[in-house]
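Structure first, commentary second.
The values are calculated or read from the model by the stated rules, or taken from the named source; none is laboratory data. For clarity, every value in this text was computed on a predicted model and none was experimentally measured. No Cβ is skipped: glycine too gets one built from the backbone with ideal geometry, and neighbour counts run over all protein chains shown. Quick note on the areas: whole protein, heavy atoms, side chains included, nothing else; ligands and nucleic acids left out. Shrake-Rupley method; radii C 1.70, N 1.55, O 1.52, S 1.80 Å.
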There are 2 protein chains.
Amino acid sequence: MRFEEQREPGPERRGSGPVPAAAPRRSDATRGAILAAARERFAADGYERATIRAIAREAHIDPSMVMRYYGSKEGLFAAVLDVDLRLPDPEALDRGDVGRVLVGHFLDLWEENEVLTAMLRVGVTNAAGAERMQGIFRDQLTPVARLACPDPEQAPARAALCASQLLGLGLTRYVLRLPPAVALHRDEIVAWLGPTVQRYLTAPHP
Amino acid sequence: MRFEEQREPGPERRGSGPVPAAAPRRSDATRGAILAAARERFAADGYERATIRAIAREAHIDPSMVMRYYGSKEGLFAAVLDVDLRLPDPEALDRGDVGRVLVGHFLDLWEENEVLTAMLRVGVTNAAGAERMQGIFRDQLTPVARLACPDPEQAPARAALCASQLLGLGLTRYVLRLPPAVALHRDEIVAWLGPTVQRYLTAPHP
DNA sequence: TCAGTTTGCCAACACTTGTTGGCCAACGCC
DNA sequence: GGCGTTGGCCAACAAGTGTTGGCAAACTGA
């Protein structure tokens, strides 16, 4: 069930000219505030415990507004989870260094905002969330694997291996917060996990 | 908040002789059924969505019985999560093969029953669950690392690295069920992840 | 100025949750 | 047999959930 840009029917576009970039509305600020608050609550509490009321409170608006703008809790959640991993262009990558680059990139993603934390927290308990995660990793990580690995046919498996290590890192460090995992420095993590990912992508099938 | 063996005050132990192994009760079957059902529900649904009512229904008893025997939902959950990873004795391990052995052992654990799935599903959304997971991995995995790695002082960090890969495997294969991760054969997984864990444990600090 | 739309809040709904207390039947010991 | 103990169910509670409809204020375009 994909969430469609669901607005009240706005005024018809007038004139021709360039598309007016979806005429901004007074409520866009509220929409944004809801989305930000939702991301935060979902990341901190998971799907069930992140209540619409709590999200609304954090966004300083009434719970009913959340419903009006996003249709339902599921709709809001779908809007939050429009994740773009922004993986580097595989064509432009140095084949010998993909592993370290990917690990570094994922560390940046996890620390940039809570969207990955939210995705993982929800994906683990919510079927729709898990499906969404499947899609994200299939569509965004597999192409990288396809260009980096010796046999394109093995790309999905190799991407899954990478996902297991990269998600495992996020899980232990940012979700469960195992103290030794939190204490590791960025450079150490890249040095330890980089070669692992590199091997999963480029080494010959064992 | 540790869950204490909480029974109604039973009859005093009579006679001396060997400890009578906590005189069995008629209700032990029910207790067991509740525990099994709880493990199943927690594993399938996570903490919030695994309702006491659903657990009771699955155990074919009344919800109030769950409360009487386990005090509260938290108490039941604590009883479910008494996890023993049964890691092999590190003394007796072949130093050159720890990685493969550990990976194989964890695969067995995940497939043996749903207790690890339950632990992960709950640990991700529930603070008490996360703490419990921290304890389990700290107390059970770190000792193995201490004996396998060159510098015992690095044991916690190396154990965390192993945990990241081992939990990542469980996450992608058994919780999120990413299709390519599910499709991998046991031997392939051991062949791919074994060397990784081996390196995290025994390789010199990079 | 004034009608129509947009933005927001309030109060309520139907429902589910964990939890409690009371009641009844079956058991086990004298 | 009789009687206390145990095992079990039923009905209810207070609290919290997602969701809805109506109504007032603010804005917008003519």
Given (1) more than 13 Å from DNA strand C (Cβ to nearest atom); (2) crowded, with 17+ Cβ neighbours inside 10 Å, index of the condition B:I34 fails: (1)
Residue that is modelled with the highest pLDDT [pool: residues in the stretch B:175-197 that are surrounded by fewer than 18 Cβ atoms within 10 Å (Cβ to Cβ) and not in a helix (DSSP H, G or I)]: B:H185
Options A:L166, A:L161; residue that is under 22 Å from A:P88 (Cα atoms), in a helix (DSSP H, G or I) and more than 7 Å from chain B (Cβ to nearest Cβ): A:L166
Scan of the stretch B:56-70 for residues that are within 8 Å of DNA strand C (Cβ to nearest atom) and open to solvent by 30 Å² or more (accessible area, probe 1.4 Å), ordered by number: B:D62, B:P63, B:S64, B:M67, B:R68
Counted residues, the stretch A:141-154 - those being buried (at least 21 other Cβ atoms within 10 Å of the Cβ) and part of a helix (DSSP H, G or I): 4
Odd one out for B:Y200 among (1) surrounded by fewer than 23 Cβ atoms within 10 Å (Cβ to Cβ); (2) within 11 Å of chain A (Cβ to nearest Cβ); (3) aromatic (F, W, Y): (1)
Subset tally (residues that are in contact (Cβ under 8 Å) with a residue 12 or more places away in the chain and either open to solvent by 20 Å² or more (accessible area, probe 1.4 Å) or aliphatic (A, V, I, L, M) (or both)) for the stretch B:71-83: 9
Matching entry among B:R39, B:R53 (being charged (D, E, K, R) and either in a loop (DSSP other than H, G, I, E, B) or within 10 Å of DNA strand C (Cβ to nearest atom) (or both)): B:R53
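Residues checked against (1) within 26 Å of A:M119 (Cβ to Cβ); (2) more than 16 Å from DNA strand D (Cβ to nearest atom); (3) in a helix (DSSP H, G or I):
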residue	(1), (2), (3)
B:I61	no, no, no
B:D84	no, yes, no
B:E91	no, yes, yes
B:D97	no, yes, yes
B:F106	yes, yes, yes
B:G123	yes, yes, yes
B:Q134	yes, yes, yes
Complete set of residues in the stretch A:106-140 that are more than 23 Å from A:T51 (Cα to Cα) and either surrounded by 15 or more Cβ atoms within 10 Å (Cβ to Cβ) or in contact with a Cys (Cβ under 9 Å, 6 or more places away or on another chain) (or both): A:F106, A:L107, A:L109, A:W110, A:Q134, A:I136, A:F137, A:R138, A:Q140
